[in-house]
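Notes for the one structure printed next.
We did not get these values from a lab; they are worked out from the coordinates using the rules stated. The shown structure was predicted, so the numbers you read here are calculated from the model rather than taken from an experiment. No Cβ is skipped: glycine too gets one built from the backbone with ideal geometry, and neighbour counts run over all protein chains shown.
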């Protein structure tokens, strides 16, 4: 059975661990992953549930997925946008409904908080084609991209 819950202190260590797994298989794998910094960052999600969202998916006692995001005003006006920082499902659970349920919960939270748009970024470079198709089926439009270069 899979359960979903908003972040609490007990979730921090599992999120840091799952985050390390995500980092290791992502486009960021050659950059530092600092457990202490991620732990401190997660405290903001625990302490600010009004504009911050973190939902965890557990199967039994194992964290298998998470979505983390924020509501912020657009830089050019006062309306708000919900943007994810992390949306990740453990590789053994991909292709199930876990990712869809996490995203639907994020969308519902955003709607309840009156945002104008929800923006989902995919910067990990994991399963881009599959993720684009899924997001399209869920009503998202592809409006841009991320480009990287070494300075």
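Using just its DSSP H runs of length 4 or more, each adding -39500 (n - 2.57), the chain gives a mean residue ellipticity at 222 nm of -11000 deg cm²/dmol after division by all residues.
All Cα-Cα distances of the stretch 1-101, cut into 5 Å bins from zero to the largest, leave 2, 12, 22, 24, 19, 13, 6, 2, 0 percent in each bin in turn. Take the Cα of residue 150, step 7 Å along the line toward its Cβ, and report every residue of the stretch 19-38 whose backbone nitrogen sits under 15 Å from that point. Once the point is set 7 Å along Cα→Cβ of residue 150, 28-32 turn out to lie under 15 Å by backbone N, inside the stretch 19-38. Neighbour counts of C-beta atoms inside 10 Å place 131, 146 in the sequence 146, 131, starting with the fewest.
Just checking the listed ones, 19, 65, 44: in the Gaussian network model of the chain with Cα springs under 10 Å, the one fluctuating most is 44. In this simple spin-label approximation, residue 138 and residue 5 carry label points 7 Å from Cα along the Cα→Cβ vector, and these lie 2.3 nm apart.
Placing a label point 7 Å from the Cα of residue 26 along the Cα-to-Cβ line, the residues of the stretch 67-84 whose backbone N sits under 16 Å from it are 67-70, 83-84. For the stretch 1-80 versus the stretch 88-137, the inter-centroid distance based on Cα atoms is 14 Å. Among beta bridges identified by DSSP and lying wholly in the stretch 2-137, the antiparallel ones come to about 90 percent. Taking label positions 7 Å along the Cα-Cβ direction at both residue 96 and residue 43, the computed distance is 3.3 nm, reported to one decimal.
Panel order for 42, 135, by other beta carbons found within 10 Å of each beta carbon, from fewest to most: 135, 42.
Springs between Cα atoms under 10 Å define the GNM used for the chain, and in it the highest mean-square fluctuation of 22, 138, 66 occurs at 138. Going from the residue with the fewest nearby Cβ atoms within 10 Å to the one with the most, 137, 116 rank 137, 116.
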